[in-house]
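Enquirer: Structure in structure tokens, see below.
Quick note: the coordinates plus some simple rules give every number you see, no bench work behind them. Because the structure is predicted, anything quoted here is derived from the model rather than measured. Reconstructed Cβ throughout: ideal geometry from the backbone, glycine too, with neighbour counts over all protein chains shown.
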Amino acid sequence: MFELQGVAHRFGRLGPLDLRVAEGETLAVLGPSGAGKTTLLRLLLALLAPDQGAVRFRGEDVRALDPAALRRRIGYVVQGGGLFPHLTAEGNVTLVARWLKWPEERIARRLDELLHLARLPEAALQQYPAQLSGGQAQRVGLLRALMLDPEVLLLDEPLGALDPVTRFDLQADLRTAFEQLRKTVVLVTHDLGEAAFFAHRIALLHEGRIAQEGTFEELARAPADPYVARFIHAQRAPLERLR
Amino acid sequence: MILALLAVVQIGSKAFTESVIVAEMATQIARSAGIETVHRRELGGSRILWEALLRGEIDAYPEYTGTIAQELLPGQGDLRDRVAGKGVVMSRSLGFSDSYAIGMQRRAAERLGIRTLDDLARHPGLRLGFSNEFMDRKDGWPALRAAYRLPQRSVRGIEHDLAVRALAGGAIDATDLYTTDAEIAAYDLVVLEDVRRFFPDYEAVLLWRKDLPADAGSALRRLEGRISAREMIEMNARVKLRHDPEAAVAADFLAGALGVRGAARIEGRARRIAARTVEHLELVGISLAAALVVAVPLGIAAARRPRAGQLLLGAVGLVQTIPSLAVLVFMIPLLGIGARPAIAALFLYSLLPIVRNTAAGLSGIPPEIRDSAEALGLPRLARLRLIELPLASPGILAGVQTAAVIDVGTATLGALIGAGGYGQPILTGIRLADLGLILEGAVPAALLALFAQALFELLGRAVVPRGLRL
């Protein structure tokens, strides 16, 4: 789906790095803040252009594609939902579809499917972002990203700002949704548990480079370097202390 | 020629009572000859009227020979020929002379033993206040000071009619007067004798453009030699001291002296206010609409390119620092007198609040919102229309509201350059010390400003998306 070759971005302090995202997989990009996770997502969306190397989407260099058209093939969910405050939840979700002049019945049909998938009460659609709870706003953000049925879904700390109970519910719903959608997903998080819960594969980012790629078990069992070992230990130790 | 016949004859007047009365007479007498004529009142000082005449913005106005010879066309040769060289016809004297003179309160002059302008030089401590035009005329204060070696240091410029009141009230000790001023008798002033014959003759005449239709010219000539100095002083007194409308005073004179009747157009208060309201709304409405069309795109550009934006904001900010009166006057050489230069000046004044608030509203959109919009795959113009402008709309609207309120107030100054509006009664009211007239302009102007404020509050409910008002 995505292929990064020798990609570097100076101000984003990223790379050079190589990375492949396979069709249908869920990849978690894991790392502490400042490791370059968000820069990586912005490169995939062509919101940033790499200083070196190339980003390919389905084999095509993204520089050769119309950026707006490319972005409509990618769903993007940010922390807190990134909703437009002047539009209702429905206005947010259907904004681009309406701009593309989808017929009303097609929009209604798609909304129905998505409401079910994201377990959002229908009444919430008429609310403005300021009236939604954090979890609802995040669900609306997910609906908005999925509206055009994108080929790939990018999520930037989707559960970051939520309280633990909401987070727990949404986590489960998100995984169900990913399984039903069978879409390629790239999820950025600093939380090891979250990465392990969602992802087939984890890429651990450290100071702009990929420290290790593999499944959670592989990372836990055979850390590639002392940093990986420390990162994993730091997140697992508190739980183990309780035992 | 046909166009000239169809056109309305426009007669201008300077911003003082006598000029308004004489212009009103000229207007009525032309009208009585069947020529559609309007009086554009109180357009400003001599130079503004003269240039408006040369440009054809007005067709005729009352002037004084001394002013033409000293100030407008200094030089040698016969005055009538010099004026003709500019395409202007000068009438014979209307019958009176209105010279400059320096006047004092009789009691003060007698106490100090001042009788002539020479005597004035012996009292350096006297406070002098001169009309603004007299302060810089070639035949005004600088030349007078040189001719009589006057030593006074305390000299300030003040509006002519206020100067007379200041003199009567004792705030200044001497001022320039017109010899036909009604206040000389009313306030018991003395005119200091011009022993060195410094002031030239100021015979009242009418000036008109050569292309004025012949019948209009001959109508105006009927005023030649008909107005005596005594009659003029009396008419000035009726207007300034008894607050009779100039049109009525002029009509009475024409009826008595020339048998001309029924050509006066005296507006009642309600019609006058209605006419001023229309003029004021035109000034504010057109300038504001034009500013909106120009300033919002400029604000968008400024937000998009912050460095060029700083430059742009600096430039429109600079316009704001120029006093509004100066901006108005700068417009005269470019656009003449009347509504056009006033609208242009108001337009320039309205730019800053709209540009700045548009730019600030757009730059204030949080980066994550901006990112979301871009990541959704909306092209630039669609993002602007669907997301950025709606989010910036409260700011843009606030900018337009500020501009509108400033505009309503500043537009009152438009009357100084013949644009009419609520400034007109204020200006006339100041000239005539008529509080009622001042309020006739000031109260509607204040109400209109409040109305504009309220209108934009309401508009906010219609324009600003509901989600931003939660």
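Enquirer: So is B:Arg431 within 30 Å of A:Ala89 (Cβ to Cβ) and in a helix (DSSP H, G or I) or not?
Expert: Considered against the rule, which asks whether it is within 30 Å of A:Ala89 (Cβ to Cβ) and in a helix (DSSP H, G or I), B:Arg431 comes out as no.
Enquirer: Have a look at B:Ala219, B:Ala204 and point out the one that is crowded, with 21+ Cβ neighbours inside 10 Å and under 30 Å from B:Ala433 (Cβ atoms).
Expert: On the way: B:Ala219 fails: under 30 Å from B:Ala433 (Cβ atoms).
Exactly one of B:Ala219, B:Ala204 is crowded, with 21+ Cβ neighbours inside 10 Å and under 30 Å from B:Ala433 (Cβ atoms), namely B:Ala204.
Enquirer: Now a separate question. Write out, first by first residue and then by second, each pair whose Cβ atoms fall under 6 Å of each other, whose residues are 6+ apart or on separate chains, and whose first residue, in the range B:449-465, is closer than 17 Å to B:Glu282 by Cα and away from every other protein chain (no Cβ under 14 Å) while the second is surrounded by 14 or more Cβ atoms within 10 Å (Cβ to Cβ) and among the hydrophobic types (A, V, I, L, M, F, W, C).
Expert: Partner pairs satisfying both residue conditions: B:Ala449/B:Val405; B:Ala449/B:Val408; B:Ala452/B:Ala404; B:Ala452/B:Val405; B:Ala452/B:Val408.
Enquirer: Pairs under 9 Å by beta carbon, first residue farther than 20 Å from A:Ala68 by Cβ in the range A:34-54, partner of a type in the set (Phe, Trp, Tyr), six or more apart or different chains?
Expert: From residues that are farther than 20 Å from A:Ala68 by Cβ, the pairs are A:Thr39/A:Phe11; A:Asp51/A:Phe11.
Enquirer: Continuing with the same structure: Among what's in the range A:9-21 and is closer than 17 Å to A:Gln212 by Cα and either buried (at least 21 other Cβ atoms within 10 Å of the Cβ) or not basic (Lys, Arg) (or both), pick the residue that is farthest from the chain's Cα centre (by Cα).
Expert: Looking at the filtered set, the residue picked out is A:Pro16.
Enquirer: How about the range A:78-91: which of its residues are more than 7 Å from chain B (Cβ to nearest Cβ), at negative phi and within 12 Å of the chain's Cα centre (by Cα)?
Expert: A:Gln79
Enquirer: Do you know which residues across the range A:49-68 are within 11 Å of chain B (Cβ to nearest Cβ) and either under 21 Å from the mean Cα position of the chain (by Cα) or surrounded by 22 or more Cβ atoms within 10 Å (Cβ to Cβ) (or both)?
Expert: Correct list: A:Pro67, A:Ala68.
Enquirer: Hey, another quick one. Can we say B:Ser393 is among the hydroxyl-bearing types (Ser, Thr, Tyr) and closer than 30 Å to B:Ile48 by Cβ?
Expert: no
Enquirer: On to the next question. Pull out all pairs, ordered by first then second residue, where Cβ-Cβ is under 9 Å, the residues are six or more apart or on different chains, the first lies in the range B:155-172 and is without any contact (Cβ under 8 Å) to a residue 40 or more places away in the chain and farther than 13 Å from B:Gly103 by Cα, and the second is of a type outside the set (Asp, Glu) and in a loop (DSSP other than H, G, I, E, B).
Expert: As it stands, the answer is B:Val155/B:Arg127; B:Arg156/B:Arg127; B:Arg156/B:Ile172; B:Ile158/B:Ile172, since those pairs meet every condition given.
Enquirer: Could you tell me which of the residues B:Met104, B:Met90 is surrounded by fewer than 21 Cβ atoms within 10 Å (Cβ to Cβ) and of a type in the set (A, V, I, L, M, F, W, C)?
Expert: Result of the check over B:Met104, B:Met90: B:Met90.
Enquirer: Report, by residue number, each residue of the range B:57-93 that is of a type outside the set (Gly, Ala, Ser) and in a helix (DSSP H, G or I).
Expert: Result: B:Thr65, B:Thr67, B:Ile68, B:Gln70, B:Glu71, B:Leu72, B:Leu79, B:Arg80, B:Asp81, B:Arg82, B:Val83.
Enquirer: Filter the range A:27-48 for residues that are in contact with a His (Cβ under 8 Å, 6 or more places away or on another chain) and over 16 Å from A:His190 (Cβ atoms); which is nearest to the other protein chains (Cβ to nearest Cβ)?
Expert: Top of the filtered list is A:Leu48.
Enquirer: Is there a residue in the range A:69-77 that is surrounded by fewer than 24 Cβ atoms within 10 Å (Cβ to Cβ) and away from every other protein chain (no Cβ under 13 Å)?
Expert: There is no residue in the range A:69-77 that is surrounded by fewer than 24 Cβ atoms within 10 Å (Cβ to Cβ) and away from every other protein chain (no Cβ under 13 Å).
Condition check ((1) under 27 Å from the mean Cα position of the chain (by Cα); (2) farther than 16 Å from B:Ser91 by Cβ) across all residues:
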| site | (1), (2) |
| --- | --- |
| B:Ala204 | yes, no |
| B:Leu223 | yes, no |
| B:Pro245 | yes, yes |
| B:Ala255 | no, yes |
| B:Ser287 | yes, yes |
| B:Ala301 | no, yes |
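Enquirer: Is there a residue being more than 14 Å from every other protein chain (Cβ to nearest Cβ), farther than 20 Å from A:Leu148 by Cβ and within 19 Å of the chain's Cα centre (by Cα) anywhere in the range A:105-119?
Expert: yes
Enquirer: For the range A:198-220, how many residues are assigned to a helix (DSSP H, G or I) and under 14 Å from the mean Cα position of the chain (by Cα)?
Expert: Result for the range A:198-220: 1.
Enquirer: Go through A:Leu27, A:Leu47 for me and flag whichever is out of contact with any Gly (no Cβ under 7 Å at 6 or more places or on another chain) and either over 23 Å from B:Pro379 (Cβ atoms) or not in a loop (DSSP other than H, G, I, E, B) (or both).
Expert: Numbers: A:Leu47 fails: either over 23 Å from B:Pro379 (Cβ atoms) or not in a loop (DSSP other than H, G, I, E, B) (or both).
Exactly one residue qualifies, and that residue is A:Leu27.
Enquirer: Look through A:Thr88, A:Thr94 and report the one residue that is farther than 18 Å from B:Ala375 by Cα and either in contact with a strand residue (DSSP E or B) (Cβ under 7 Å, 6 or more places away or on another chain) or crowded, with 17+ Cβ neighbours inside 10 Å (or both).
Expert: A:Thr88
Enquirer: Considering each residue of the range B:24-57, count those that are over 16 Å from the mean Cα position of the chain (by Cα) and under 20 Å from B:Arg276 (Cβ atoms), and give that number.
Expert: Residues in the range B:24-57 being over 16 Å from the mean Cα position of the chain (by Cα) and under 20 Å from B:Arg276 (Cβ atoms): 3 in total.
Enquirer: Can you name every one of the strands (runs of 3 or more DSSP E) wholly within the range B:118-198 that holds 2 or more residues which are surrounded by 22 or more Cβ atoms within 10 Å (Cβ to Cβ)?
Expert: On the way: elements: B:128-131, B:155-158, B:174-178, B:189-191.
Correct list: B:128-131, B:174-178.
Enquirer: Continuing with this model, one more query. Condition test on B:Glu224, is it of a type in the set (D, E, K, R), outside any helix (DSSP H, G or I) and either in contact (Cβ under 8 Å) with a residue 24 or more places away in the chain or in contact with a Phe, Trp or Tyr (Cβ under 8 Å, 6 or more places away or on another chain) (or both)?
Expert: yes
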